[in-house]
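The values are calculated or read from the model by the stated rules, or taken from the named source; none is laboratory data. The shown structure was predicted, so the numbers you read here are calculated from the model rather than taken from an experiment. Because the Cβ atoms are built from the backbone with ideal geometry, glycine has one as well, and the counts that use them run over all protein chains shown. Note: areas computed on protein heavy atoms with side chains; ligands, DNA, RNA excluded. Shrake-Rupley method; radii C 1.70, N 1.55, O 1.52, S 1.80 Å.
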Amino acid sequence: GINGLVSPDRNNFGPRLGFAYNVGRQTVIRGGVGVFYGFTRGLELSSGYHLDPPYNVSETVNSNPVTPTILPGTLFPLATAVPTPTSSLFSVNHNFPSNYTYEYNLTLQRELGHSLSLQVGYVGSSSHKLIGRDLINQAHVDANPANPTSIQSRRPFQGAADISITDSIDQAN
């Protein structure tokens, strides 16, 4: 029932408005405001789906110089495509909206002489739905630190290790 990895965000409207007002022969007030949309970098989406089983399986091979375990036939053990408690999973929110920024400015310009002017301005912005990652499988704190339990037993989803979801969760101004 899903028609793509990420559903398109089709409600983006980016109006802009600007003005300039001549207060007198030597003074001008200028201002503007607009909505600007960002884009999803390919890296953000590529750090998701293709890193999960069955597309990619990661194995850690440890060895020591006295008893090497990297012997013919053991370097690349037969990996499983099913997540295990040591698998780290990556995902992207299917309803991944575009990030957007409100930008605004107000400027006062004054001519002080034939070759000298003064300009004072305020420039601001407020960004929303910026790309961030949420780690949803963090282990909870032990109920009794004096009697610690395994990290895996305290995870919400015990069938996997870290689960990272790319989503539009950050703000900036």
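Among the residues making up the stretch 95-132, those that are over 25 Å from Phe36 (Cα atoms) and in a strand (DSSP E or B) are Gln109, Arg110, Glu111, Leu112, Gly113, Leu116, Ser117, Leu118, Gln119.
Under 29 Å from Phe36 (Cα atoms) and free of Cβ contacts under 8 Å to residues at least 60 places away in the same chain: does that describe Val92? In short, no.
The residues listed here are Gly124, Gly132; of these, the one that is under 30 Å from Arg25 (Cα atoms), open to solvent by less than 50 Å² (accessible area, probe 1.4 Å) and at pLDDT 85 or above is Gly124. Residues in the stretch 24-47 include none that are in contact with a Leu (Cβ under 6 Å, 6 or more places away or on another chain), part of a loop (DSSP other than H, G, I, E, B) and at pLDDT below 65. Of all residues in the stretch 7-22, those satisfying the criterion of being part of a loop (DSSP other than H, G, I, E, B) and within 17 Å of Asn105 (Cβ to Cβ) are Gly14, Pro15. Restricting attention to the stretch 83-117, the residues that are among the polar types (S, T, N, Q) and open to solvent by 80 Å² or more (accessible area, probe 1.4 Å) add up to 4.
If the condition is being within 30 Å of Tyr100 (Cβ to Cβ) and loosely packed, with under 11 Cβ neighbours inside 10 Å, then the stretch 136-173 contributes Ala172, Asn173.
Could you check, for the stretch 134-157, whether at least one of its residues is part of a strand (DSSP E or B) and either of a type in the set (S, T, N, Q) or in contact with a strand residue (DSSP E or B) (Cβ under 8 Å, 6 or more places away or on another chain) (or both)?
Yes, that holds for at least one residue.
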